[in-house]
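Below: one structure, written as structure tokens.
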Amino acid sequence: MAKVRVGIVGCGGIANQKHMPSLKANSDLNEIVAFCDIIEERAVKAAADYGVEGAKVYTDYNDLVNDPNVDVVHVCTPNVAHCPITVAAFEAGKHVMCEKPMAHCTEDAQKMIDAWKASGKKFTIGYQNRLRDDTQTLHASCAAGELGEIYMAKAHALRRRAVPTWGVFPNKALQGGGPLIDIGTHALDITLWMMDNYDVESVSGQVFYKLGRQADGPDGNVFGPWDPETFEVEDSAFGLVKMKNGAVIYLEASWALNILKSMEASCTLCGTKAGAEIHHGGSYPKDELIYNTVEHNQLMEKTISPAGVVDFFEGGASAEGVREQKQWLEAIINDGEPLVKPEQAFVVTKILEAIYKSAETGKEVIF
């Protein structure tokens, strides 16, 4: 079996923390043959650490996507660059894995969808949290109908004080937003996936610029102080999503919020037969999956507490990252479907943009 030849565009945080270590862990399926970064030294280092002998180094993504030795392009750049790189890669006949979110706006996401459909290649978005043990288990329960009709859900992406102080996270021009588009996107993705419902009726929301821009805001941040003068994005955001079948989703996202309990890529599901909650990250050192139901006229709770994995802030391949790359590479090799479908990721981007738009206009956004 020939190995998939991968090219990495963007050799910064997420490439080093997830993509390249996870690809290396699947070295029987792939080899990284090209690296691109606007800072050449980063691409050179990535090539030395993860590349095959003679791996190419580029500073212009157009050179990488047109390299005939590259089969698939991984887009690991700031959000606003996702669209032009992805479109160029499809036009060059490459498969594409783009890091989450698909794009910073619906217009760009649509361009990516159109280029993908015209290319005939594979396309997926980096929502690796679907591959955790707890999310896989709960999704199997939902697919089997064990919760019944899920008509109310909450998507949780709350940090008490964990503002990222590296890269371009506070830069609105490059990222398109703050915690809503950064970590809220993961919580929304797994919630929609559990419900298997992408038919949105309307969205309303509010965003806050309260703590990030305060002079004393940086106190207590787990990643060290941030600069309030360059903090351009929201520090928290909240949205209500109404589905066409009447179901609702409440989305909450923050990098800094005065709360006691924090969690990320988590969800609460309420169905006609049972309910379930996932607690991941933040206040929960181990992932928790808790079902609630009624048995023999008694309220019951069933808890699964697997060993869990540590988020990849310090680098290294997490279990879900390795699984993500394995299923993606196998989809390419076997001409199968990746777990995260572009149409699903498109809806996530559309909802996130609608929350920002609703907050700006003070009006509900009708789909």
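The values are calculated or read from the model by the stated rules, or taken from the named source; none is laboratory data. Because the structure is a prediction, the values reported are computed rather than measured. Neighbour counts are summed over all protein chains in view; Cβ atoms, including those assigned to glycine, are modelled from backbone coordinates with ideal geometry. All accessible areas refer to the heavy atoms of the entire protein, side chains included, with ligands and DNA or RNA removed. Shrake-Rupley method; radii C 1.70, N 1.55, O 1.52, S 1.80 Å.
Annotations for the structure displayed:
- Gyration tensor (alpha-carbon) shape descriptor, region 63-181, a/c threshold 1.5: oblate
- Near ALA47, once Lys and Arg are set to +1 and Asp and Glu to -1 for all other residues with Cβ below 15 Å from its Cβ, the sum equals -3.
- Label-to-label distance for PHE367 and GLN298 is 4.1 nm, based on points extended 7 Å past Cα in the beta-carbon direction.
- Cross-link table LYS45/LYS172; LYS121/LYS273; LYS172/LYS363; LYS45/LYS154; LYS100/LYS154; LYS273/LYS326, entries beyond 30 Å C-alpha to C-alpha: LYS121/LYS273; LYS45/LYS154; LYS273/LYS326
- Area of HIS139 that stays accessible when all protein chains are in place (1.4 Å probe, Å², to 10): 50
- When TYR250, TYR151, TYR198, TYR127 are compared by accessible surface with a 1.4 Å probe, the order from highest to lowest is TYR151, TYR250, TYR198, TYR127.
- Rounded to the nearest 500, the helix-only mean residue ellipticity at 222 nm of the chain stands at -9000 deg cm²/dmol, with each DSSP H run of n ≥ 4 adding -39,500 (n - 2.57).
- Around LYS210: net Lys/Arg minus Asp/Glu count, Cβ-Cβ under 11 Å: -1
- Over the chain, relative contact order from alpha-carbon pairs under 8 Å, at least 6 apart, %: 20
- Relative frequency of Cα-Cα separations exceeding 18 Å in region 223-367, percent: 73
- Label corresponding to Cα extents along the principal axes in Å when calculated from the structure given, among [x] 66, 51, 40; [y] 73, 49, 32; [z] 76, 43, 39: [x]
- Using alpha-carbon coordinates, inclination of helix 133-143 to the longest axis of the chain, degrees: 60
- Segment SER202-THR59, extension gain: residue separation times 0.36 nm, minus the distance between their alpha carbons: 47.3 nm
- Each Cα pair under 8 Å and six or more residues apart adds its separation to the average, and for region 196-279 the resulting relative contact order is 27 percent.
- Peptides 356-364, 62-70, 261-269 ordered by packing proxy, namely the average of other Cβ atoms within 10 Å per residue, highest first: 261-269, 62-70, 356-364.
- Straight-line cross-link reach from LYS357 at under 20 Å between alpha-carbon atoms covers these aspartates and glutamates, not counting any fewer than eight positions away in the same chain: GLU107, ASP108, ASP182, ASP189, ASP199, GLU201, GLU232, GLU234, ASP235, GLU252.
- Rolling a 1.4 Å probe across the protein heavy atoms gives region 56-206 an accessible surface of 34 Å² per residue.
- Helix 106-119 and the longest principal axis of the Cα set of the chain meet at an angle near 50°.
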